[in-house]
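Here the structure comes first, spelled out in structure tokens, and everything after it is commentary.
The values are calculated or read from the model by the stated rules, or taken from the named source; none is laboratory data. On a predicted model such as this, the values are computed, not experimentally measured, just so you know. Protein only, heavy atoms only, side chains kept; ligands, DNA and RNA dropped before computing areas. Shrake-Rupley method; radii C 1.70, N 1.55, O 1.52, S 1.80 Å.
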Amino acid sequence: MAYLKLMMDEKEIAHLSEDGQSLCANEGVPQYDLPLNLFISDKREVSLVDVVVWAKKRIFPKNRMDCKEILKMMGLPDYNAWEIVKRTNACLMEDPYWLRFSEDETFEDTTRGRARRIMNENQKNS
């Protein structure tokens, strides 16, 4: 993996280590801004294995009723957790964290970002 950043909405809070083996909290990011279930205790660096495990917990389950329809919309022939993570950026509506896999990806591209834009547009129209 050549590029990986952990984002908190629009703010980058962690980056891929130089050796590509771990995710490191950015300088100046307070511990309380890091996901507690990833950066456990006072950790400022976590292995990519831990990142993958964390990210896979942030996608829909294989036994979800409409799983096949969602996979079809994503262009996936089968349930592949890591491919789903890459397509969804492991973004949830419940918290601000998501994974950025390329410089081209923006917060506005995420589910949470699109929802925020729609809410803002609806507020303007009210």
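Brief remarks follow.
- If you count Lys pairs in the chain whose Cα atoms are under 20 Å apart, skipping same-chain pairs closer than 8 places in sequence, the total is 16.
- Average accessible area per residue (Å²) across region 30-126 - probe 1.4 Å, nucleic acids and ligands excluded: 67
- Matching the structure-derived semi-axes √(5λ) of the Cα gyration tensor in Å against the labelled list [x] 21, 19, 15; [y] 47, 18, 10; [z] 25, 21, 13 gives the label [z].
- Within the accessible surface of the chain, defined with a 1.4 Å probe on protein heavy atoms only, the carbon and sulfur portion equals 52 percent.
- Evaluating kT/(6 pi eta Rh) at 37 °C and 0.692 mPa s, with the Kirkwood radius of region 30-89 over Cα pairs in the Stokes-Einstein relation, gives 252 µm² s⁻¹.
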